[in-house]
1. Using +1 on the beta carbon of Lys and Arg, -1 on that of Asp and Glu, and nothing else charged, what's the dipole of the chain about the Cα centre, debye to 20?
2. Whole number please: convex hull volume per residue of the Cα set in the chain, in Å³?
3. Which whole-number percent is the relative contact order of the chain (Cα, under 8 Å, 6+ apart)?
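Derivation of every value follows stated rules applied to the coordinates shown; laboratory data play no part. Computed from a predicted structure; not experimentally measured. Cβ: placed from backbone, ideal geometry, glycine included. Neighbour counts: every protein chain shown.
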Amino acid sequence: MSTMAERRSRRPRRRFTDEFKQQAVRLVVDEGKSVGAVARELDLVASALGQWVKQAQADRSKGR
């Protein structure tokens, strides 16, 4: 019998280039799309994209 952990195997951790992250953030910040919508479009976890957006906004404002 399989356990729940075996049935719900995690997808391997993916790495994204800085350029990919910048383009994803641009869709949210510059084009006004929601984090959830962009995450679905790009097959991302919304929390990861949200962190990228938060970091980009901090970088743009120099942390203010």
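1. Its charge dipole is roughly 280 debye.
2. Output value, Cα hull per residue: 104 Å³.
3. 25
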